[in-house]
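S.K.: Before we start, here is the structure in question, set down as structure tokens.
The values are calculated or read from the model by the stated rules, or taken from the named source; none is laboratory data. Model, not experiment: these values are computed from the prediction. Cβ placement follows ideal geometry from the backbone for every residue including glycine, while neighbour counts extend to all protein chains displayed. Heads up: the accessible areas ignore ligands, DNA and RNA and are worked out on the full protein's heavy atoms, side chains in. Shrake-Rupley method; radii C 1.70, N 1.55, O 1.52, S 1.80 Å.
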Amino acid sequence: MAKRILLFFLIFSALPVIATTRQIIDKFVSDPAFIPSSIGICITDVKTGETIASYNERQAVIPASTIKVITTATALRLYRPSFCLYTTVTFTIDRVDRQLYRPSFCLYTTVGHTGTIDETGTLHGDLVIHGGGDPSLGSAYRCRHTEDFIDQIIQRTLSNHIKSIEGRIVVDNSLFDEPAISPKWMVEDIAWDYGTGCHAFSYKDNRIEINLRYNGKSYDVTGVNPPNRFVVETSLTKGEKENITVKCENNRYTISGTIPKRKDRYRLYLSIARPDSLFITDLQEKFQTAGIEVKNSNLGQLPETTWFHYPSDYLGDIVHSLNVRSDNLYAESVLRLLSLSVHEKGSAEKGIDIIRKYWQNYEADSLELFMYDGSGLARNNKVSAKYLNCVLKETARDSLIGEYFVQTLPLAGKEGSVATFMKHGELPGELRLKSGSMSDVHAYAGYYTTPQNRYAIVVMINNYTCTRAQLKQKISTLLTQVLSKKE
């Protein structure tokens, strides 16, 4: 009898906690702003796998950029057998210094020439660059300076005593299959830097920076970077909000529309369709400065000699930069990298197929994943909160790269697109979240870590009717109420 009484006491003492968590979720989803919404919530204990809170966790909804978590986690897990070395990195969490290993797998851009070099210093052939899928080549976010790759080519050319190149500068983009731009992306997105194409040879983030200043009537172009490479024509005026149309033909950009009237200075980042062409122009200019002539003769097929292999940033650094900045070019490159583990060419479609097969080995149901790119820019992408949570949970458990992956996600209140989210929150632990947003879509995926536990978090909402700022506050309240109960 005493045992039965104790059992009933334990059962009923637990009910208020369960009911309270359920009530928090019910109150959240019953908000009038969510009447037409599709919502997916899944919060689990990483160590035990216990589901802490959930709602429609198996319904596939648009994840926006949170799908990058799937792309990057798969890459780190899949390529770990190929890591050439491990570099020790020290970080601080919960006031305790720990050590982890940075995944050090690299991509390589190969530089060489065809033909022969004669005694007068003439290369009777082409200078050839084979794109290796490195999205960080010449990137503003690369660990090395942006001109390092070109500088090394110049140095190697001079060390071979080459004074003139009879042939051409040839960039080989064949490692990646076409199309460079997903057919599922919206046309209006591909003019902007976040919608740039993914090539085997990417360069300087495949983008152009345009600086504008208001002259009292319209906006003048005050600077273009890279300089002296593009023609920019504008007919921009002040308006209530940004409403810009961009047309691009070869190296000529025509920009029209309105810029928010409170902005006297403005900056635009647009995509470059041919990064290889920009690179060739930059390299030819450096050759000219070094006194090396490029004659651009078509010499046909000749035997090739390799000079050197230029490494990308480490895969771990690429993933960290990708997740903190939510870089679509980096994400699309990593997706194609996945297919190179099995296939000879990088392919978005084959990369997605590898993701599906890989996570089928765990409890992620492939029927809950509709994936069309690696970045989340396609509105056709849909995934369930449970699937995304499974990826987070299993990756955090990985003894080799789990801790590192957690740290690649931006710290809420301090970094990336979550720099202001829960900035003055009441949660004492460390909250790291990848955010995702597009029109009528807002989502978070990541981790909450305390000295005792770690929780995998997924919250995705489509078709809400409040403002985005109001939605962020509602989600902030939800996470605070649910997670504070686990302290």
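S.K.: Name the one entry in L315, L278 that is farther than 30 Å from L388 by Cβ, under 23 Å from the mean Cα position of the chain (by Cα) and open to solvent by less than 20 Å² (accessible area, probe 1.4 Å). Walk me through how you get there before you give the answer.
M.R.: Values: L315 fails: farther than 30 Å from L388 by Cβ.
Of L315, L278, the one residue that is farther than 30 Å from L388 by Cβ, under 23 Å from the mean Cα position of the chain (by Cα) and open to solvent by less than 20 Å² (accessible area, probe 1.4 Å) is L278.
S.K.: Right, here's the next one. Looking at region 76-87, can you tell me whether even one residue there is buried (at least 19 other Cβ atoms within 10 Å of the Cβ) and at pLDDT 90 or above?
M.R.: Yes.
Residue by residue, here is whether (1) open to solvent by less than 30 Å² (accessible area, probe 1.4 Å); (2) at pLDDT 95 or above; (3) farther than 30 Å from I255 by Cα holds:
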position: T122; (1), (2), (3): yes, yes, yes
position: V128; (1), (2), (3): yes, yes, yes
position: T146; (1), (2), (3): no, no, no
position: D151; (1), (2), (3): no, yes, yes
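S.K.: Also, quick follow-up: Please work out if T465 is surrounded by fewer than 16 Cβ atoms within 10 Å (Cβ to Cβ), touching a helix residue (DSSP H, G or I) at 6+ places or on another chain (Cβ under 9 Å) and modelled with pLDDT of 95 or more. Break it down into steps so the answer makes sense when it comes.
M.R.: Values: surrounded by fewer than 16 Cβ atoms within 10 Å (Cβ to Cβ): yes; touching a helix residue (DSSP H, G or I) at 6+ places or on another chain (Cβ under 9 Å): yes; modelled with pLDDT of 95 or more: yes.
Judged against the criteria, T465 is a match.
S.K.: Tally time: how many residues in region 247-275 are farther than 30 Å from G125 by Cα and either open to solvent by 30 Å² or more (accessible area, probe 1.4 Å) or part of a helix (DSSP H, G or I) (or both)? Reasoning before the result, please.
M.R.: Looking only at region 247-275, we keep the residues that are farther than 30 Å from G125 by Cα, and these are 247-249, 252-271.
Going one step further and asking which of them are either open to solvent by 30 Å² or more (accessible area, probe 1.4 Å) or part of a helix (DSSP H, G or I) (or both), we end up with 247-249, 252, 254, 256, 258, 261-267, 269.
So the count comes out to 15.
S.K.: Is it the case, given these coordinates, that K241 is more than 14 Å from N211 (Cα to Cα), at pLDDT below 95 and part of a strand (DSSP E or B)?
M.R.: Numbers: more than 14 Å from N211 (Cα to Cα): yes; at pLDDT below 95: yes; part of a strand (DSSP E or B): no.
So K241 fails the test.
S.K.: Between I181, I190, which is touching a Gly at 6+ places or on another chain (Cβ under 7 Å) and not polar (S, T, N, Q)?
M.R.: Details: I190 fails: touching a Gly at 6+ places or on another chain (Cβ under 7 Å).
Only one candidate passes the filter, namely I181.
S.K.: Okay, moving on. Looking only at region 276-313, filter to residues that are of a type in the set (D, E, K, R) and in a loop (DSSP other than H, G, I, E, B); which one of those is farthest from C106 (Cα to Cα)? Before the answer, list the steps.
M.R.: So the first thing to find is which residues in region 276-313 are of a type in the set (D, E, K, R), and the list is 276, 282, 285-286, 293, 295, 304, 313.
Filter again for in a loop (DSSP other than H, G, I, E, B), leaving 295, 313.
Values: K295: 34, D313: 6 Å.
Out of the qualifying residues, it is K295.
S.K.: So is Y387 more than 19 Å from the chain's Cα centre (by Cα), on the phi < 0 side of the Ramachandran plot, open to solvent by 30 Å² or more (accessible area, probe 1.4 Å) and hydroxyl-bearing (S, T, Y) or not?
M.R.: Values: more than 19 Å from the chain's Cα centre (by Cα): yes; on the phi < 0 side of the Ramachandran plot: yes; open to solvent by 30 Å² or more (accessible area, probe 1.4 Å): no; hydroxyl-bearing (S, T, Y): yes.
No.
S.K.: Would you pick out the residues in region 344-380 that are over 20 Å from the mean Cα position of the chain (by Cα), closer than 21 Å to G197 by Cβ and either surrounded by 21 or more Cβ atoms within 10 Å (Cβ to Cβ) or in contact (Cβ under 8 Å) with a residue 40 or more places away in the chain (or both)?
M.R.: Listed by number, the list holds a single entry, K345.
S.K.: In addition: For residues in region 291-301 being surrounded by 14 or more Cβ atoms within 10 Å (Cβ to Cβ) and at pLDDT 95 or above, which is nearest to D172 (Cα to Cα)? Outline the logic, then answer.
M.R.: Initial filter on region 291-301 (surrounded by 14 or more Cβ atoms within 10 Å (Cβ to Cβ)): 292-294, 299.
Of the ones still in play, those that are also at pLDDT 95 or above are 292-294.
Working: I292: 22, E293: 21, V294: 18 Å.
Filtering region 291-301 for residues that are surrounded by 14 or more Cβ atoms within 10 Å (Cβ to Cβ) and at pLDDT 95 or above, the one nearest to D172 (Cα to Cα) comes out as V294.
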